[in-house]
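J.: This is the structure I want to talk about, given as structure tokens.
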Amino acid sequence: MRIIAIVNQKGGCAKTTTAVNLAGCLATDGFHVLVVDIDPQAHATLALGLDPDELDENLYEVLAEPGGGDHLKAIIVEVAENLDIAPSGIVLSALEQKLAAERDETRTERLDNALGALGDIYDFVLIDCPPNVGLLTFNALRATREVIVPLETSRFAIHGVQKLLETIGLLVERIGHEIDVKVLMTLYDGRTRFSRKTLAEVRALFTDMCFDTVIRLNVKLREAAGKGLPICFYAPSANGALDYAALAVEVEASAPADLAAVEIPGAEPPSGPREIVVHFRDADASDVRIAGDFNDWVPDKGVRSLIESDGKGRVWTKVLQLPPGTYQYRYIVDGEWREDPENPAVVTSSVGARNSVMVVR
Ligand SMILES: Nc1ncnc2c1ncn2[C@@H]1O[C@H](COP(=O)(O)OP(=O)(O)OP(=O)(O)O)[C@@H](O)[C@H]1O
Ligand SMILES: [Mg+2]
């Protein structure tokens, strides 16, 4: 069982979006996943389609008293195949204060004990933390060996990351076990210079600590949360779904050295072709095609094209049929070969060309 806490004291950097959508993608890959919502705002609970006010019990019953851990199984709700949640509720804000006033030694170990009592029924447990490092977050860090720190690339000051990592470092010293911390860049808008600059700076500074996957700005992620569904069920071909699917692949492949990699359960991964829809915007272009290793680099071969206008200019939509795999591609805009301006995943080919990369699950 791999336990991963999603932590950042800064609000609105996509902690909940990451917990819910990474969980959805891991579950569709056949892993048994539990989301633990320890944020009193209960956004993960809502984003998985539950109304916290209508639930009789939540994590309060599990964490409020020593020994409550055995009750975790009883509050877990199944929300989709392979996907369960331990829900939150507003009452958890009182819990933070209750724990702060206690002298009980176990007050920072309650979640760890509760997850321990579950045995080995889950492959992944993802903990959605509140935007502070109080006792609830501390409980999450105690329970975990892995942390994902989402960083909002579109409005982000670089010194904030260092400060946060220092804070986590201090907590880790107090906890007394190693925690593998990885940085995930979120809300990435490739059209702004600021986002591109932040991405480059964070990558230069944190190198191996960064996920290769970057989560692009995608309004479907917000819509999916509103509908109470992970994006892989709500809009499986949207950029948000592709990005979180790529993140799931990275997470599946990257267990910390001393944790055994999680075995892929019996189910064969689906292997038939998928319909992939990509968009290219350019107010001045009059002809846009796509070419990649999927069509032998012959522009628009085997591709269905649509041209629309969205108020800001023309949008070219390309519909591809691709079996699961990783593909390199470029756009040809009025005869000029270009990488995808909205996709930060780029590789340099053997002949020095910069190709965009997409992963089809
Ligand atoms: N890649 C994205 N594209 C567009 N909207 C996004 C994206 N990621 C998150 N959002 C939206 O941004 C808002 C903040 O995201 P989210 O709630 O996941 O942040 P958070 O870090 O959990 O916030 P909090 O600190 O309050 O718990 C939400 O409305 C969410 O739908
Ligand atoms: Mg949140």
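The values are calculated or read from the model by the stated rules, or taken from the named source; none is laboratory data. Since the structure is predicted, the reported quantities are computational estimates derived from the model, not experimental observations. Glycine gets a Cβ as well: all are built from the backbone with ideal geometry, and neighbour counts include every protein chain shown. In case anyone asks, the SASA skips ligands and DNA or RNA and just uses the protein heavy atoms, side chains included. Shrake-Rupley method; radii C 1.70, N 1.55, O 1.52, S 1.80 Å.
J.: Residue check, Thr207 against (1) among the β-branched types (Val, Ile, Thr); (2) farther than 19 Å from Met358 by Cα; (3) touching a residue at least 24 places away in the same chain (Cβ under 8 Å); (4) out of contact with any Phe, Trp or Tyr (no Cβ under 9 Å at 6 or more places or on another chain), all met but one. Which one?
T.: (3) is the only condition that Thr207 fails.
Table: residues versus (1) over 18 Å from Gly325 (Cα atoms); (2) at pLDDT below 95; (3) in contact with an Asp or Glu (Cβ under 6 Å, 6 or more places away or on another chain).
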position: Lys197; (1), (2), (3): yes, yes, no
position: Asp208; (1), (2), (3): yes, yes, no
position: Arg222; (1), (2), (3): yes, no, no
position: Lys227; (1), (2), (3): yes, no, no
position: Ala238; (1), (2), (3): no, yes, no
position: Glu252; (1), (2), (3): no, yes, no
position: Pro269; (1), (2), (3): no, yes, no
position: Gly272; (1), (2), (3): no, yes, no
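J.: Here is a follow-up. For region 114-127, check the following and say yes or no: at least one residue is acidic (Asp, Glu), surrounded by 20 or more Cβ atoms within 10 Å (Cβ to Cβ) and within 15 Å of ligand 2 (Cβ to nearest atom).
T.: Narrowing region 114-127 to residues acidic (Asp, Glu): 120, 123.
Next cut, surrounded by 20 or more Cβ atoms within 10 Å (Cβ to Cβ) only: 123.
Remaining after also requiring within 15 Å of ligand 2 (Cβ to nearest atom): none.
No; the residues of region 114-127 include none that is acidic (Asp, Glu), surrounded by 20 or more Cβ atoms within 10 Å (Cβ to Cβ) and within 15 Å of ligand 2 (Cβ to nearest atom).
J.: Of the conditions (1) of a type in the set (Ser, Thr, Tyr); (2) more than 21 Å from Asn21 (Cα to Cα); (3) within 11 Å of ligand 1 (Cβ to nearest atom), Tyr188 satisfies every one except a single condition; which number is it?
T.: Of (1) of a type in the set (Ser, Thr, Tyr); (2) more than 21 Å from Asn21 (Cα to Cα); (3) within 11 Å of ligand 1 (Cβ to nearest atom), only one is false for Tyr188: (2).
J.: Give, as residue ranges, the strands (runs of 3 or more DSSP E) completely inside region 1-110 that count at least 3 residues that are surrounded by fewer than 24 Cβ atoms within 10 Å (Cβ to Cβ).
T.: Details: elements: 2-6, 33-37, 77-80, 83-86.
So the answer is 2-6, 77-80.
J.: Looking at region 270-306 only, could you name the residues that are under 22 Å from Ala241 (Cβ atoms) and assigned to a loop (DSSP other than H, G, I, E, B)?
T.: Pro270, Ser271, Gly272, Pro273, Val303 - these are the residues of region 270-306 that are under 22 Å from Ala241 (Cβ atoms) and assigned to a loop (DSSP other than H, G, I, E, B).
J.: Moving on to the next point. Considering only residues that are assigned to a helix (DSSP H, G or I), without any contact (Cβ under 8 Å) to a residue 40 or more places away in the chain and out of contact with any Leu (no Cβ under 8 Å at 6 or more places or on another chain), which ones fall in region 166-185?
T.: Pass one, region 166-185, residues assigned to a helix (DSSP H, G or I): 166-175.
Now drop any that are not without any contact (Cβ under 8 Å) to a residue 40 or more places away in the chain, which leaves 166, 169-175.
Glu166, Gly169, Leu170, Glu173, Arg174 - these are the residues of region 166-185 that are assigned to a helix (DSSP H, G or I), without any contact (Cβ under 8 Å) to a residue 40 or more places away in the chain and out of contact with any Leu (no Cβ under 8 Å at 6 or more places or on another chain).
J.: So, of the residues in region 307-342 that are assigned to a strand (DSSP E or B) and more than 30 Å from the chain's Cα centre (by Cα), which turns out to be nearest to Asn355 (Cα to Cα)?
T.: Step one: of region 307-342, the residues assigned to a strand (DSSP E or B) are 307-309, 314-322, 325-333, 336-338.
Filter again for more than 30 Å from the chain's Cα centre (by Cα), leaving 307-309, 314, 332-333, 336-337.
Working: Ile307: 23, Glu308: 25, Ser309: 26, Arg314: 23, Ile332: 12, Val333: 14, Glu336: 13, Trp337: 10 Å.
Among those residues, the one meeting the criterion is Trp337.
J.: Tell me, yes or no, whether region 298-317 has at least one residue that is touching a residue at least 24 places away in the same chain (Cβ under 8 Å) and buried (at least 18 other Cβ atoms within 10 Å of the Cβ).
T.: Filtering region 298-317 down to residues touching a residue at least 24 places away in the same chain (Cβ under 8 Å) leaves 299, 310, 312-317.
Applying the additional criterion that residues be buried (at least 18 other Cβ atoms within 10 Å of the Cβ) yields 316.
Yes, because at least one residue in region 298-317 is touching a residue at least 24 places away in the same chain (Cβ under 8 Å) and buried (at least 18 other Cβ atoms within 10 Å of the Cβ).
J.: Give the number of residues within region 106-148 that are over 17 Å from Leu165 (Cα atoms) and of a type in the set (Ser, Thr, Tyr). Even if it seems obvious, please write down each step before you answer.
T.: At the first step, the residues of region 106-148 found to be over 17 Å from Leu165 (Cα atoms) are 106-128, 135-136, 139, 143.
Narrowing the set further to residues that are of a type in the set (Ser, Thr, Tyr) leaves 106, 108, 122.
Selection size over region 106-148: 3.
J.: Which residue is nearest to Lys197 (Cα to Cα), if the candidates are limited to region 344-356 and must be open to solvent by 30 Å² or more (accessible area, probe 1.4 Å) and not in a loop (DSSP other than H, G, I, E, B)?
T.: The qualifying residue nearest to Lys197 (Cα to Cα) is Val346.
J.: OK, next. Quick one: what pairs do we get from region 119-140, first residue over 18 Å from Leu170 (Cβ atoms), second open to solvent by 40 Å² or more (accessible area, probe 1.4 Å) and more than 14 Å from ligand 2 (Cβ to nearest atom), C-beta under 7 Å, 6+ apart or different chains?
T.: Asp120/Met1; Ile121/His32; Tyr122/Met1; Tyr122/His32; Asp123/Met1; Asp123/His32; Val125/Met1
J.: Please determine whether any residue of region 221-234 is more than 10 Å from ligand 1 (Cβ to nearest atom), over 18 Å from Asp29 (Cβ atoms) and touching a strand residue (DSSP E or B) at 6+ places or on another chain (Cβ under 9 Å).
T.: Of the residues in region 221-234, the ones more than 10 Å from ligand 1 (Cβ to nearest atom) are 227-230, 232-234.
So of that shortlist, the ones also over 18 Å from Asp29 (Cβ atoms) come out as 227-228.
After this cut, where a residue has to be touching a strand residue (DSSP E or B) at 6+ places or on another chain (Cβ under 9 Å) as well, the list is 228.
Yes: region 221-234 contains one or more residues that are more than 10 Å from ligand 1 (Cβ to nearest atom), over 18 Å from Asp29 (Cβ atoms) and touching a strand residue (DSSP E or B) at 6+ places or on another chain (Cβ under 9 Å).
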